[in-house]
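S.K.: Mind looking over this structure? Questions follow.
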Amino acid sequence: MRMLDDNVIRVENLSKCYQIYDQPRDRLKQMILPRLHRLTGRPAKQYFHEFWALKDVSFEVKRGETIGIIGRNGSGKSTLLQMICGTLNPSSGNIQTNGRIAALLELGSGFNPEFTGRENVFLNGAVLGLSMDQIAARFDEIAAFADIGDFIEQPVKMYSSGMMVRLAFAVIAHVDADILVVDEALSVGDAFFTQKCMRFIEQFQTNGGTLFFVSHDTGAVVKLCTKAILLQKGQVVEIGLPKRVCEHYLEMVYESNQVVDGISDQASKKHTLQEESLDENIEFRDIRESLINSSTLRNDIEIFRFNPEAAGFGSGEAQIISVRLLDQDGMPLSWIVGGEHVSLEIKCQALNHIDRPIIGFNFKNRLGQIVFGDNTFLSFQHIPQSVRQGGELVARFEFRLPLLPSGDYAIGVAIAGGTQENHIQHHWIHEALMIKVHASSICFGLVGIPMKSIMLKALK
């Protein structure tokens, strides 16, 4: 990656105005009549009204920062990114950039639908400043990252939205970009590919790359970004720490859903129903029983089989050969309800003799955030074990699965040798098990805690 000045992007008083015409003939009138009016000495009439997609936006971005752009639909996020990338000209203001920019914006942007995937790789690479020889040298890595098989030789007009995103991200991941711009397009990717992209983004950040990330997911902005910019109606509302800016954004969203007196119709009806149902008696509800027996409160978790060929790394001195979620009777699970007791079984084979083996796992959401995890080191640090060459080793973790928001999750597993502080990774699989959660129960945050009881009492 090339060395850059401290500031890689400077935006000064940036504005973008569109002329909106009520009727097609007004566009023709605007081209001809104002000139005639001026020639005859009459005041020129305007046949359009102005729409300011952006107005007087200013900020600076330093090398290595990750900037989150948030705001409601129509706030100007995509317009801002297009102007930073140079695909849209501003009406006024200046943009200065220092470094190669690679962008994943609107789905399919930059692709010729009649060209094959291979041809579009060379086209996009050339647009981003690579020579034909450089693209050819990286093509195999790009194709492997996209993982769309023989479709790489087919016209992209035959691609699904997921395949389009795979190829587009694979290109921008291999052009040595200094500045990476990622819009909401990643949301259409499958769970495996999203995890792969998040690993690349984390590595890109570690290497000092500058990232622009647009999302309505405030959790993703807080996790990934060092600074956030809140836009509303084309203007900057706040620039600052992601946590504070995201809180401000949520306040604005909630306020917009309320009526003038501060209570929306829906909230008012809910409040009335609550008042009618209250009495002076204490009410207890067993939440766990509701989750298991109720048809309206569910946290259904679908478990996909272990994929031994999933992406991973390691020294190769040991291999993970089986990963299963088991019920309390030791039977493999393919479906379970959140809040239940399960066991995660990880079976490994030693290809060489291994002293002090450590087996562990992490449970990640679609953004690669680790929700929870553990390993065997602390439990067995005072009773060191070893496994001979060709021998097998099994670790089993018993826990109660939390309630989870709807979405895709992955369980990563690993076997290492040594200690917690000083060890060698022998085999690490990023997505050993994939999990899909279908939740109709309310869950706030990364996980929900299965409440034993809830008390509600109306006080006099």
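Just so you know, all these numbers are worked out from the coordinates, no wet-lab data involved. Source: prediction; values computed, not measured. As a convention, Cβ positions derive from the backbone with ideal geometry for all residues, glycine included, and neighbour counts pool all protein chains shown.
S.K.: Go through 159-171, 37-49, 126-138 and give me the packing order, highest mean Cβ count within 10 Å leading. Can you show the working numbers first?
M.R.: Details: 159-171: 21.8, 37-49: 11.0, 126-138: 14.2.
My ranking of the peptides, most packed first, is 159-171, 126-138, 37-49.
S.K.: Using Cα-Cα distances under 8 Å and only pairs 6 or more residues apart, what relative contact order does segment 300-439 have, in percent?
M.R.: It rounds to 35 percent for segment 300-439.
S.K.: Hey, got the dipole for segment 39-98? About the Cα centre, +1 on K and R Cβ, -1 on D and E Cβ, debye to the nearest 20?
M.R.: Working: 7 positive and 4 negative charges, 34 e Å.
Dipole magnitude for segment 39-98 comes out near 160 debye.
S.K.: Now for a separate question. With a sphere of radius 13 Å drawn around the Cβ of residue 131, what net charge do the other residues whose Cβ falls strictly inside it have (Lys, Arg +1; Asp, Glu -1)? Please report the intermediate quantities before stating the final value.
M.R.: Details: positive: 138; negative: 133, 176.
Overall, the nearby charge balance is -1.
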